[in-house]
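Note sheet for the following structure.
The values are calculated or read from the model by the stated rules, or taken from the named source; none is laboratory data. Given the structure is predicted, the values throughout are model-derived calculations rather than measurements. Virtual Cβ from ideal backbone geometry, glycine too; neighbours counted across all protein chains shown. Only protein heavy atoms, including side chains, enter the accessible area calculation; ligands, DNA and RNA are left aside. Shrake-Rupley method; radii C 1.70, N 1.55, O 1.52, S 1.80 Å.
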Amino acid sequence: MPHRIHNFSAGPAVLPLPVLERAQQELLALPNIGMSVMEISHRSKTFEDVIGRAEADMRALGKIPEDYKVLFLQGGASLQFSMAPMNLRSPGAVADYIITGDWSKKALKEAKKAGATSIVASTEDGGFKRIPEPAELRFTPGAAYVHMTSNNTIAGTEWKDVPETTGAPLVCDASSNIFSRPIDVSKFGLIYAGAQKNLGPSGVTVVIIREDLLARSTDALPSMLNYRLLAENKSLYNTPPTFGIYILGLVLQWLRENGGLEGMAVVNDRKAGALYAELDRTPFWRPHADADCRSAMNVTFRLPTEDLEKLFVKDSTAAGFDGLKGHRSVGGLRASIYNAFPEAGVTALVQFMREFERTHG
Ligand code: PMP
């Protein structure tokens, strides 16, 4: 067994070890098939089973209502920044955006290219340390939809409650916290996520869309960007990312075997709780996010000086930790602890932090 280090990458991120082991076992030939999943037709019965099981597990885990479609697409979450407005906003209509981080800004930038947008609220002043209060949200009457980012990967903040819109469907970029805890899908019109943090490898994008919204997709759209067409073809309009969907299916099985989303929530809260407790223990650590907006997935913090931050990255790397350098727009450190990140890795990081603070604090 090769040595695996503590991988705190923000994405692509650590995958469950049993998933990697199973994929390794089956890489040369799927049981009784004699070919690997990468070598079979996406229209074969075998692949139909793979994608069918992935969808069924996704539905069971997320308690996804019957009137929602589950799509497995390509182009990353970033393509959804364009597809959502192209499909859901009719000419002349306004799309509302809640700006809570750099990824929300990128989503807005794409939506602006093809039509009218409005900013419902922004927490950019002060460095995206918080999620807006309900009273701050200024919705546009009759908006085509309201876009939000449920977890802000870079700033390390997370919505604790789903905002109530004034009737417009909520479109949610859930790339960095999808399936990290139970989710009430019925509160959303559309949820999308790149798989590479909580669900699998990069190259697969999950879209969960309420069926009535599919009627908004017009035939003028490029076929590959048309939710209705992609849904009608059950994500098989063209060749889908077959290997990625297979791995995603294994991750979903692993989630089911490990307590489902309720089970994930308990472990994720414990992991994040241990890190934030250490960050709150002494003023040496400077957590970035406001306490009531902290993300359970991306823990962001700074140290008293940039030199100490550099030293922390260097020493932690030498000690077998990877991926702790913060995003350049926040600076400092970031520990990404998605579903598959083992609790033992958090314990090891807390111990390392104690020692670092004792030596340099
Ligand atoms: N949204 C969020 C919240 C993200 O964290 C990321 C990637 N880190 C993206 C969108 C972009 O995803 P992709 O690289 O799959 O396009």
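The alpha carbon radius of gyration of the range 1-68, expressed as a multiple of 2.2 N^0.38 Å, is 1.42.
Val50 contributes about 20 Å² of solvent-accessible surface, heavy atoms of the protein only, 1.4 Å probe. Ranked by the mean number of other Cβ atoms within 10 Å per residue, highest first, peptides 144-150, 115-121 order as 144-150, 115-121.
Normalised by the number of residues in the range 260-360, the average gap of Cα pairs under 8 Å and 6 or more apart makes the relative contact order 30 percent. Rounded to the nearest 10 square angstrom, Asp102 shows an accessible area of 50 square angstrom against a 1.4 Å probe.
Would you give the gap between the C-alpha center of the range 258-289 and the C-alpha center of the range 129-168, rounded to a whole Å? Value for the Cα centre distance between the two parts: 23 Å.
The value obtained for the range 260-360, namely the Cα convex hull volume divided by the number of residues, is 99 Å³ per residue. Over the residues of the chain, the helix contribution to mean residue ellipticity at 222 nm works out to -11500 deg cm²/dmol, using -39500 (n - 2.57) for each DSSP H run of at least 4.
Each Lys or Arg adds one and each Asp or Glu subtracts one; over the other residues with Cβ under 15 Å from the Cβ of Ala215, this totals 0. For the range 1-146, the equivalent ellipsoid built from the Cα gyration tensor has semi-axes of 39, 22, 14 Å, listed from largest to smallest.
Using a 1.4 Å probe on the protein heavy atoms, what percent of the accessible area of the chain belongs to carbon and sulfur?
Roughly 54 percent of what the probe reaches on the chain is carbon or sulfur.
For the chain, the solvent-accessible area of protein heavy atoms averages 44 Å² per residue (probe radius 1.4 Å; ligands and nucleic acids excluded). Ranking Asp315, Asp280, Asp96 from most to least accessible surface, computed with a 1.4 Å probe over the protein chains only, gives Asp280, Asp315, Asp96. Placing +1 on the Cβ of every Lys and Arg and -1 on the Cβ of every Asp and Glu, with nothing else charged, gives the chain a dipole about its Cα centre of roughly 460 debye. Taking the chain as a Gaussian network of alpha-carbon nodes connected by springs under 10 Å, the highest mean-square fluctuation of the residues Ala340, Ala135, Ala272 belongs to Ala135. What GluC sites (Glu not before Pro) in the range 1-91 are in a loop by DSSP, with at most 12 other Cβ atoms within 10 Å of the Cβ? Here the GluC sites (Glu not before Pro) that fit, given the DSSP loop and packing criteria, are Glu66.
So what is the relative contact order of the chain, in percent, for Cα pairs below 8 Å that sit 6 or more residues apart?
23 percent
Couplings for the range 344-354, taken from phi via the Karplus curve 6.51 cos²θ - 1.76 cosθ + 1.60 with θ = phi - 60°, read 4, x, 5, 4, 5, 5, 4, 4, 4, 5, 4 Hz in order; Gly and Pro are left as x. At the residue level, His327 shows approximately 50 square angstrom of accessible surface with a 1.4 angstrom probe and all protein chains present. Loop-located trypsin sites (Lys or Arg not before Pro) in the range 2-109 (DSSP state other than H, G, I, E, B) with a sparse environment of at most 15 neighbouring Cβ atoms within 10 Å: Arg4, Arg43, Lys63. Residues Ile183, Ile5, Ile208, ordered by accessible area of protein heavy atoms at a 1.4 angstrom probe radius and largest first, appear as Ile5, Ile183, Ile208. For the range 283-344, applying the loop criterion from DSSP together with a ceiling of 16 other beta carbons within 10 Å to the trypsin sites (Lys or Arg not before Pro) yields Arg328.
The chain has equivalent-ellipsoid semi-axes of 33, 28, 16 Å, by the square roots of 5 times the alpha carbon gyration tensor eigenvalues, sorted largest first.
Summing charges over all other residues whose Cβ lies under 11 Å from the Cβ of Asn87, with Lys and Arg as +1 and Asp and Glu as -1, gives +3.
Across the range 207-304, the volume of the C-alpha convex hull divided among the residues equals 188 Å³ per residue.
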